[in-house]
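Starting off with a structure, shown below.
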Amino acid sequence: MLLRHTSKEVKVREGLTINPAKTCQPIGAMYAALGIHGCLPHSHGSQGCCSYHRSTLTRHYKEPVMAATSSFTEGASVFGGQANLLAAIDTIFAVYEPDIIAVHSTCLSETIGDDLQQMTKKAKDDGKIPEGKYVIYASTPSFIGSHVTGYANMVTGMATQFAESTGVKKSQFNIIAGWMEPSDMREIKRLAKVMGINIVLFPDTSDVLDAPQTGKHVFYPKGGTTVDELKSSGDSIASLALGSVSAEPAAIALEKKCKVPFETLDIPIGLSATDRFIMAISKVAGVTVPEEVTADRGRLVDIMCDMEQYLHGKKVALFGDPDQLLPLTEFLLDLSMKPVHIVSGTPGQRFEKQMRQLLDERSPETNFKSGLQADMFLLHQWMKNEPVDLLIGNTYGKYMARDEDIPFIRFGFPILDRIGHSYFPNIGYGGSLRLLEKILNAIMDRQDRDALEEKFELVM
Amino acid sequence: MEQIGILEGRERQVLEKNSGVAQADIACDTSSLSGSVSQRACVFCGSRVVLYPVADAIHLVHGPIGCAAYTWDIRGAVSSGPELHRLSFSTDLQEMDVIYGGEKKLYKSLIELIEQYKPKAAFIYSTCIVGLIGDDIEAVCKKVARETGIPVLPVHSEGFKGTKKDGYKAACHTLMKLIGTGSTEDISKYSINILGEFNLAGEAWIIRQYYEKMGIEVVATLTGDGRIDAVRRAHGATLNVVQCSGSMTWLAKEMEEKYGIPYIRVSYFGIEDMSKSLYDVAVKFPDRPDIMEAAKQIVSEEVKTLYPSLQKFKKALTGKKAAIYVGGAFKTFSLIKALRSIGMSVVLAGSQTGNQDDYARLKEMCDEGTVIVDDSNPVELSKFILEKGADLLIGGVKERPIAFKLGIGFCDHNHERKIPLAGFIGMYNFALEVYQSVMSPVWQFAPRKGGTL
């Protein structure tokens, strides 16, 4: 077995990360930027970064992912990357004709001290940005935080560099999407419509990374938040930020710049988080919850009750990103399951505190670690010490699932070996029902597989 | 058809073969233009893919987490034993390390790693930022090697210090440090090393078997299903057989210079090139005619079963057109021949890393009107695929969804191939894969082929 080297005995490591449960900032910035309509993400660094990010996103979405690179050479690394970026801006507007270039930095350009704010200003002053076109930027050093931080930084960049306040409020609300799939973003828009409120959702990767087959390869698919929408976000009545790590920083920036008040919520994964999301909309917009939504909720609760007996006390190990892990853990607890091991490579005191609080109240014995050395090797060691019935996490979990011979549900980023995440949401009551179905299938398929012949049940 | 422009500054890297007029040589060996949506990667990527298949060594990426995360088990380089290469090790450098240096963290990581896994050797990859903060990796490696007693080898693969090809070279440079440190006792005079074969989907096993059947000892495969001990005694072989010219020719040249081992360049794709790669090795051992006899025997046996089985594919595929965009140019040559043998013509041929000679040869091989590109991008690729009416694209991960969006077949001839495409059996697999993809009924539903509501 591939992971037979994983030893049971947990030793404190000071330097080494083995099998990371995170990746670096720039890919998050690239993903977020794809959620702006007509935007070409641009990686200010070596060619490899851009290539790796595009490959990973392509594997995750099975879609072409377009992004440009400053193609740093040794010279650029000595003399600074300004010439590269200015040349890149010329090339991109001339050839690829985006409405917007969203530049993010890399560890290389950050370390040599490239200042994106100054460089984009210079591009503007030099007349390199055509009328009606934009260049925005986010600083995303790979040696701080994780891919989630990079996402948050680019989304914050959208808010600070586009939002304008005209002084006249619009009858609309901002929903700032934490890191979620195109399918989830589509579901947010559907829910808002059903609730009868106007929203500006940003970023929005639906119809970008789940684009239909048309016989053409288009650089800028029809989806994505438009510049006009982003500008108008400064006039919205309020913002709802979905996710304290990936979305809240943008909401804070927007409040600072345009005085748009905000509330931070969990990504609506599971019953309780969706309840809070629906109630927050209802409260902030003064709308009643429509029958359609109540019925969806009822169906989820119905199945939770019907199937509780199969889930009770089942032990789960999970890993992933903070804004998904929090509501997911809560959902598992609501289902009477036991999340026994939780790992996230993404550091952050806020998340640490929130998760500890949830666990202290409802599952104090859970192993939980985030940040440095909170990797899949540690999770695997924990699983060897206290075995689980189910593993939930991104594709890399398949090694541990195979090694320990336990059911596995793919959830999070990246998913390199299955489809579905782009098309079927995991959020809202409907999405939570789908997640619940997956959990049940995984556990009950396993029960069927392991059942002795006389115990092999037809009706479950 | 709407004319899509070629990127300004890229005119010299694109060529349409036209024998009627004098044509300038294609420009290559250049870095990509800033701002292009290039399909290329970096120096680190080049080193990482070359050394990756060495399965009983640990591969520690010294840098921020991304470089390790994106190269975690991305290449289907199969091992028959240990699988240390499939794990992901990183020093996960943080802001403080960038400011104060990462040497201590590197040292600790190495000690922890070697204690945990007891590997035969360790490769330490430098990433962009390590090149900037000035960590003395050599010193740390020497210290750890002394303390642990295993070879601890730095790979100078800072991403910005050139192209992917420079990464290949850095990897070869590291391998040279290992080669020559093992015993060459008992190595037969009739022996080779297989260079530039990475055992994707088990291809090295197929090739090795052919040579062993001919009575030749294979000392080391570099680096497919690689083992440190085998690498250490590679200098005991009589001949180096180099595939994937881009990555390993440098190593072959170094070994020729240092150990006097001659080398030949081969390709294992397609009947013609596969057969030639056996004969070319056999002629190097003229005092053993039985080796050539065995080669002939293998070819004749293999072709006897393979040839008829290809005819049904050829019948269906005759007249279909292919576009090729792969990493190395040498592979393009083989693919053109292999495609011809199943009735297909090539309307676009290109590579990420070909050199001047490669492109000259490519031009010679191609039909009139074939478009030849160096370091291409999605705009160009889709433009030419549509203009030339290709039915198939052969490429890698970033090219796959472009083909599918356009509604044409695709064959992965890169890291993500799932079945062996090398050897005689590989030719059958290749033809089958091409046939299944090009002839699939799904394309008829694509709007471009008239599949509308």
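The values are calculated or read from the model by the stated rules, or taken from the named source; none is laboratory data. Keep in mind the model is a prediction, meaning the values are calculated, not measured. All Cβ positions, even for glycine, are placed from backbone atoms using ideal geometry, and neighbour counts span all protein chains on display.
For B:F410, all conditions in the list (1) outside any strand (DSSP E or B); (2) within 14 Å of another protein chain (Cβ to nearest Cβ); (3) under 30 Å from B:Q209 (Cβ atoms) hold save one; what is the number of the exception?
Only one criterion in (1) outside any strand (DSSP E or B); (2) within 14 Å of another protein chain (Cβ to nearest Cβ); (3) under 30 Å from B:Q209 (Cβ atoms) is unmet by B:F410, namely (1).
Then there is this: So which of A:R54, A:R59 is at the interface with another protein chain (Cβ under 8 Å from one of its Cβ atoms), in contact (Cβ under 8 Å) with a residue 40 or more places away in the chain and at negative phi?
On the way: A:R54 fails: in contact (Cβ under 8 Å) with a residue 40 or more places away in the chain.
Checking each option against the conditions leaves just A:R59.
From the list A:T111, A:T106, A:T156, pick out the single residue that is within 30 Å of A:I197 (Cα to Cα), of a type outside the set (A, V, I, L, M) and crowded, with 17+ Cβ neighbours inside 10 Å. Working first, answer last.
Working: A:T111 fails: within 30 Å of A:I197 (Cα to Cα); A:T106 fails: within 30 Å of A:I197 (Cα to Cα).
Answer to the selection: A:T156.
Same structure again: Kindly establish whether A:R276 is of a type in the set (D, E, K, R), at pLDDT 95 or above and not assigned by TED's automatic domain parsing to the domain that holds A:R410. Outline the logic, then answer.
Values: of a type in the set (D, E, K, R): yes; at pLDDT 95 or above: yes; not assigned by TED's automatic domain parsing to the domain that holds A:R410: yes.
Yes; evaluated as a whole, the condition is true for this residue.
Now for a different question. Can you confirm whether A:K189 is away from chain B (no Cβ under 14 Å), touching a Leu at 6+ places or on another chain (Cβ under 8 Å) and within 21 Å of A:A285 (Cα to Cα)? Steps first, answer last, please.
On the way: away from chain B (no Cβ under 14 Å): yes; touching a Leu at 6+ places or on another chain (Cβ under 8 Å): yes; within 21 Å of A:A285 (Cα to Cα): yes.
When the stated conditions are applied, A:K189 passes them.
Can I ask one more? Is it the case that A:S142 is more than 22 Å from A:A163 (Cβ to Cβ), among the polar types (S, T, N, Q) and either in a loop (DSSP other than H, G, I, E, B) or outside the structural domain of A:A67 (by TED's automatic domain parsing) (or both)? Walk me through it before giving the result.
Values: more than 22 Å from A:A163 (Cβ to Cβ): yes; among the polar types (S, T, N, Q): yes; either in a loop (DSSP other than H, G, I, E, B) or outside the structural domain of A:A67 (by TED's automatic domain parsing) (or both): yes.
In short, yes.
For segment A:12-50, name all the residues that are within 8 Å of chain B (Cβ to nearest Cβ) and either surrounded by fewer than 24 Cβ atoms within 10 Å (Cβ to Cβ) or part of a loop (DSSP other than H, G, I, E, B) (or both).
Hits for segment A:12-50 are A:R13, A:E14, A:G15, A:L16, A:N19, A:P20, A:K22, A:T23, A:C24, A:G45, A:S46.
Cβ-Cβ below 6 Å, separation at least six or inter-chain, first residue in segment B:189-200 and among the β-branched types (V, I, T), second surrounded by 24 or more Cβ atoms within 10 Å (Cβ to Cβ): which pairs?
Note: pairs meeting the criteria are B:I192/B:I216; B:I192/B:A237; B:I192/B:V241; B:I194/B:T221; B:I194/B:V241.
Let me ask something additional. Restrict the check to segment A:318-325 and report whether at least one residue is over 26 Å from A:E14 (Cα atoms), in contact with a Gly (Cβ under 9 Å, 6 or more places away or on another chain), at pLDDT 95 or above and buried (at least 19 other Cβ atoms within 10 Å of the Cβ). Don't jump to the end; show me each part of the working.
Residues of segment A:318-325 over 26 Å from A:E14 (Cα atoms): A:323-324.
From what's left, in contact with a Gly (Cβ under 9 Å, 6 or more places away or on another chain): A:323-324.
When the remaining residues are screened for being at pLDDT 95 or above, the result is A:323-324.
Of the ones still in play, those that are also buried (at least 19 other Cβ atoms within 10 Å of the Cβ) are A:323-324.
The answer is yes, given that some residue of segment A:318-325 is over 26 Å from A:E14 (Cα atoms), in contact with a Gly (Cβ under 9 Å, 6 or more places away or on another chain), at pLDDT 95 or above and buried (at least 19 other Cβ atoms within 10 Å of the Cβ).
Let me confirm something: among A:K128, A:K124, which residue is assigned to a loop (DSSP other than H, G, I, E, B), modelled with pLDDT of 95 or more and among the basic types (K, R)?
Details: A:K124 fails: assigned to a loop (DSSP other than H, G, I, E, B).
None of the others qualify; the one that does is A:K128.
Follow-up question, since we're still on this one. Scan segment A:62-75 residue by residue and report those that are over 23 Å from A:Y220 (Cα atoms) and either more than 7 Å from chain B (Cβ to nearest Cβ) or surrounded by fewer than 24 Cβ atoms within 10 Å (Cβ to Cβ) (or both). Give the steps one after another, and end with the answer.
Initial filter on segment A:62-75 (over 23 Å from A:Y220 (Cα atoms)): A:72-75.
Result: A:T73, A:E74, A:G75.
If A:S146 satisfies every condition in (1) within 14 Å of chain B (Cβ to nearest Cβ); (2) surrounded by fewer than 24 Cβ atoms within 10 Å (Cβ to Cβ); (3) farther than 18 Å from A:Y423 by Cα but one, which is the exception?
Among (1) within 14 Å of chain B (Cβ to nearest Cβ); (2) surrounded by fewer than 24 Cβ atoms within 10 Å (Cβ to Cβ); (3) farther than 18 Å from A:Y423 by Cα, A:S146 violates only (2).
Within segment A:76-91, can you find the residues that are surrounded by fewer than 22 Cβ atoms within 10 Å (Cβ to Cβ) and facing another protein chain (nearest Cβ under 9 Å)? Walk me through it before giving the result.
Looking only at segment A:76-91, we keep the residues that are surrounded by fewer than 22 Cβ atoms within 10 Å (Cβ to Cβ), and these are A:78-80, A:82-83, A:86-87, A:90-91.
Selection gives A:A83, A:L86, A:A87, A:D90, A:T91.
Per-residue answers, yes or no, for (1) without any contact (Cβ under 8 Å) to a residue 24 or more places away in the chain; (2) of a type in the set (K, R):
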site: A:K384; (1), (2): no, yes
site: A:K398; (1), (2): yes, yes
site: A:A401; (1), (2): yes, no
site: A:D405; (1), (2): yes, no
site: A:I409; (1), (2): no, no
site: A:S432; (1), (2): no, no
site: A:L436; (1), (2): no, no
site: A:N441; (1), (2): yes, no
site: A:E454; (1), (2): yes, no
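Taking into account only those residues within segment A:66-103 that are aromatic (F, W, Y) and closer than 19 Å to A:V227 by Cα, which is modelled with the highest pLDDT? Spell out the reasoning first.
Of segment A:66-103, the ones aromatic (F, W, Y) are A:72, A:79, A:93, A:96.
With closer than 19 Å to A:V227 by Cα added as a condition, the list becomes A:93, A:96.
Numbers: A:F93: 96, A:Y96: 91.
For segment A:66-103, the residue satisfying everything is A:F93.
Further question: Out of curiosity, is B:K383 within 8 Å of another protein chain (Cβ to nearest Cβ) and not hydroxyl-bearing (S, T, Y)? Let's see the steps before the verdict.
On the way: within 8 Å of another protein chain (Cβ to nearest Cβ): no; not hydroxyl-bearing (S, T, Y): yes.
Answer is no for this residue.
Give me the pairs, please: first residue somewhere in segment B:85-104 and over 16 Å from B:C128 (Cβ atoms), second residue anywhere and of a type outside the set (A, V, I, L, M, F, W, C) and surrounded by fewer than 20 Cβ atoms within 10 Å (Cβ to Cβ), beta-carbon distance under 6 Å, and either six or more positions apart or on two chains.
The qualifying pairs are B:R86/B:D73.
For segment B:393-427, how many residues meet the condition of being under 15 Å from the mean Cα position of the chain (by Cα), within 16 Å of B:I336 (Cα to Cα) and among the hydrophobic types (A, V, I, L, M, F, W, C)?
The total comes to 3.
Same structure again: Which residues, counting only those in segment B:413-452, are farther than 29 Å from B:G196 by Cβ, outside any helix (DSSP H, G or I) and within 12 Å of another protein chain (Cβ to nearest Cβ)? Please lay out each step first, then the result.
We begin by selecting, within segment B:413-452, every residue farther than 29 Å from B:G196 by Cβ; these are B:439-452.
Restricting the remaining residues to those that are outside any helix (DSSP H, G or I) gives B:439-440, B:446, B:450-452.
Selection gives B:A446, B:G450, B:G451, B:T452.
Of everything in segment B:307-344, what is at pLDDT below 95, in contact with a Lys or Arg (Cβ under 9 Å, 6 or more places away or on another chain) and over 15 Å from B:C411 (Cα atoms)? Give them in sequence order.
Selection gives B:A329, B:F330, B:F333, B:S341.
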